[in-house]
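Working notes, beginning with the structure itself.
The values are calculated or read from the model by the stated rules, or taken from the named source; none is laboratory data. Predicted model only: the values in this text are computed from it and were never measured. Quick reminder, even Gly has a Cβ in these numbers, built from the backbone with ideal geometry, and neighbours come from all protein chains shown. Surface areas here come from the heavy atoms of the whole protein model, side chains and all, with no ligands, DNA or RNA. Shrake-Rupley method; radii C 1.70, N 1.55, O 1.52, S 1.80 Å.
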Amino acid sequence: MSTAGKVIKCKAAVLWGPNQPLSIEDIEVAPPKAFEVRIKILATGICLTDHHAITGAMGANFPVILGHEAAGIVESIGEGVTTVKPGDKVIPLTLKQCGKCSSCINPNGNFCLEMNVTAEGAWNDGTTSFTCKGKPVYNFIVTSTFTEYTVSSESWVAKIDAAAPLEKVCLIGCGFSTGYGAAIKTAKVTPGSTCAVFGLGGVGLSIIMGCKAAGASRIIGIDINPHKFERAKAVGATECINPKDYTKPISDVLKEMTDNSVGYTFEAIGRHDTMIDALASCHMSYGTSVMVGVPPRSKMLTYDPMLLFGGRTWKGCLLGGWKAKYDIPKLVSDFMAKKFDLDLLITHVLPFNEIHKGFELLEKGESIRTVLTF
Ligand code: COD
Ligand code: ZN
Ligand code: ZN
């Protein structure tokens with residue numbers, strides 16, 4: 001029996017307030033209105049940003065359904081939707097693409113200027129698509145994927161290859177694309193170059209995969225936790241170093257190791273001191289450093305402008321710089337063509353009802369990515 005046009009009752013993990021446990025609840029999901037898409041979620045990763053929303057480090061309206069790194073199948077579409085249809089495999093997007101604003105029409109922009117309209121977790125008319133116990137439940141970055149069904153807007157949904165394994169390509173919705181794009185799309189790493197990656201969590205590993213795919217000949221991983229080195233080497237790092245093993249600044253260590261030839265550096269930790277270290281570690285004249293880690297909120301950074309005076313480039317990026325609606329399907333095709341291996345990032349696969357265990361693994365630093373399946 002078709003569910004199109006009807007309210008769907010299903011299970012979702014609802015967060016009623018900051019620092020509360022995620023609660024698996026029965027919720028109602030409204031049918032998609034004009035230009036909306038209702039999606040049956042089949043796999044979702046757990047990302048650090050979801051954890052930030054639980055702890056309050058990232059703002060959200062409550063109650064909320066978190067989750068933003070997923071893949072699923074379109075269940076039904078609202079009036080006017082033309083780019084996806086029921087049955088299509090899709091990835092819900094955390095960056096919309098209106099296709100018309102100055103950012104969308106520029107080949108180098110991916111941060112659509114219309115992004116702020118849905119920042120409150122409700123639609124433009126103030127409504128939400130979810131209810132639980134008679135109360136409206138807000139969405140998270142328009143994705144809300146810790147639920148069996150979600151509703152998104154057409155410009156926030158990308159149709160992907162019908163043969164794609166959803167329990168793997170869900171990572172292309174956030175963490176993988178962020179790191180891989182930082183190397184390929186934002187830094188535009190060149191073949192034969194030397195790269196250094198600060199922070200060897202899931203984002204750092206994805207950066208390494210991007211550097212490798214771009215043809216870098218040396219990729220140096222840097223982390224204060226040497227347990228991270230093995231996996232970093234498995235995804236493509238040619239060597240790994242621990243700043244704690246040296247007394248001199250890490251930028252000097254890298255300079256000596258490479259005969260002063262580090263073309264690209266990446267910061268995937270989210271700390272001011274390592275952002276400066278990464279900047280100082282790329283070549284003083286032609287080097288590029290990309291800030292990928294989310295900087296601490298509302299804190300200013302002081303740095304010596306001489307670091308840039310010689311010609312270095314300092315950049316940042318969101319979702320690796322990809323134009324989400326257009327580039328995410330291409331990344332899925334690249335995965336299908338075996339250009340990279342997502343299995344190297346997936347350390348755990350759990351059923352959705354074990355979501356708490358997934359967050360515990362994240363808190364203890366035991367997982368790179370946990371994928372929840374429905
Ligand atoms: N020096 C070297 N390594 C360090 C240091 C230090 N001082 N401090 C910590 N580290 C290491 C840790 O040992 C760890 O291995 C690594 O840094 C960080 O890894 P994780 O696993 O904590 O984090 P990730 O890889 O999941 O990445 C998260 C970031 C911290 C990079 C976070 O800022 C982020 O998610 N950035 C992506 C931003 C983005 O665009 N997201 C899209 C929307 S969610
Ligand atoms: Zn994320
Ligand atoms: Zn736009």
Checklist line | Distant-in-sequence amide H partners of VAL14 (H built 1.01 Å from N, under 5 Å) | finding: SER23, ILE24, GLU25
Checklist line | the chain - share of DSSP beta bridges that are antiparallel (%, nearest 5) | finding: 55
Checklist line | Estimated distance in nm for a label pair at GLU120 and MET336, the labels positioned 7 Å out from Cα along Cα-to-Cβ | finding: 4.0
Check: For the stretch 178-188, what does the Karplus curve 6.51 cos²θ - 1.76 cosθ + 1.60, with θ = phi - 60°, yield as ³J(HN,Hα) per residue in whole Hz, taken in order and with x for Gly and Pro?
Finding: 4, x, 4, x, 4, 7, 7, 8, 8, 7, 6
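How do 89-102, 147-160, 225-238 rank on mean C-beta neighbours within 10 Å, highest first?
Details: 89-102: 20.7, 147-160: 24.3, 225-238: 17.6.
Ranked from most to least packed, the peptides come out as 147-160, 89-102, 225-238.
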Notebook entry, point to check: What ³J(HN,Hα) values, in whole Hz, does the Karplus curve 6.51 cos²θ - 1.76 cosθ + 1.60 give for the stretch 213-221 when θ = phi - 60°, with x put for Gly and Pro?
Noted result: 4, 7, x, 4, 9, 10, 10, 9, x
Next item on the list: Please say if the stretch 240-317 is rounded, prolate or oblate, where rounded means a/c under 1.5 for a ≥ b ≥ c the square roots of the C-alpha gyration tensor eigenvalues, and otherwise the choice is prolate for a/b larger than b/c and oblate otherwise?
Entry: oblate
Notebook entry, point to check: THR55 versus ASN260, label points 7 Å from Cα toward the beta carbon: distance in nm?
Noted result: 4.0
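Can you tell me, using C-alpha contacts under 8 Å and at least 6 residues apart, the relative contact order of the chain as a whole percent?
Numbers: 910 pairs, mean separation 63.9, N = 374.
Relative contact order, the chain: 17 percent.
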Next item on the list: Measure off 7 Å from each Cα along the Cα-to-Cβ vector at LYS357 and MET284, then give the distance between these two points in nanometres to one decimal.
Entry: 5.4
Note to self: Using all alpha carbons of the chain, what is the percent of pairwise distances in each 20 Å bin, ordered from the shortest bin to the longest?
What the structure shows: 30, 56, 14, 0
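Highest first, please rank the peptides 322-331, 355-364, 206-215 by the mean number of other Cβ atoms sitting within 10 Å of their residues.
Details: 322-331: 21.5, 355-364: 16.6, 206-215: 25.4.
Ranking the peptides 322-331, 355-364, 206-215 by packing returns 206-215, 322-331, 355-364.
Just the accessible area per residue of the chain, please: how many Å² with a 1.4 Å probe?
Values: 16090 Å² over 374 residues.
Normalised by residue count, the accessible surface of the chain is 43 Å².
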Check: In whole Hz, what ³J(HN,Hα) sequence does the stretch 351-360 give by Karplus (6.51, -1.76, 1.60; θ = phi - 60°), x for Gly and Pro?
Finding: x, 3, 5, 9, 4, 4, 4, x, 6, 4
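Whenever you get a sec, compute what percent of the accessible area on the stretch 182-319 sits on carbon and sulfur atoms (1.4 Å probe). Can you show the working numbers first?
Working: 3590 of 6500 Å².
Exposed carbon and sulfur together represent 55 percent of the surface.
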Next item on the list: Round to a whole angstrom and tell me the spacing of the C-alpha centers of the stretch 26-100 and the stretch 234-262.
Entry: 40
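Using only DSSP helix segments of four residues or longer, with each worth -39500 (n - 2.57), what per-residue ellipticity at 222 nm results for the chain after dividing by its residue count and rounding to 500?
Numbers: 11 runs with 87 residues, N = 374.
Rounded to the nearest 500, it is -6000 deg cm²/dmol.
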Next item on the list: Can you send over the carbon and sulfur percentage of the accessible area for the stretch 37-181, probe radius 1.4 Å, protein chains only?
Entry: 56
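Using only the Cα atoms of the stretch 184-251, build the gyration tensor, take square roots of its eigenvalues as a ≥ b ≥ c, and label the shape rounded, prolate or oblate: rounded if a/c is under 1.5, else prolate if a/b is larger than b/c, else oblate.
Working: a/c = 2.05, a/b = 1.53, b/c = 1.34.
Since a/c reaches 1.5 and a/b is larger than b/c, the shape of the stretch 184-251 is classed as prolate.
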Item checked: Packing-based ranking, highest mean first, of 249-259, 136-146, 263-273, 195-205 given that Cβ atoms within 10 Å are counted -> 195-205, 136-146, 263-273, 249-259
Item checked: Nonlocal amide H pairs with VAL371, under 5 Å, H built at 1.01 Å -> HIS348, VAL349, LEU350
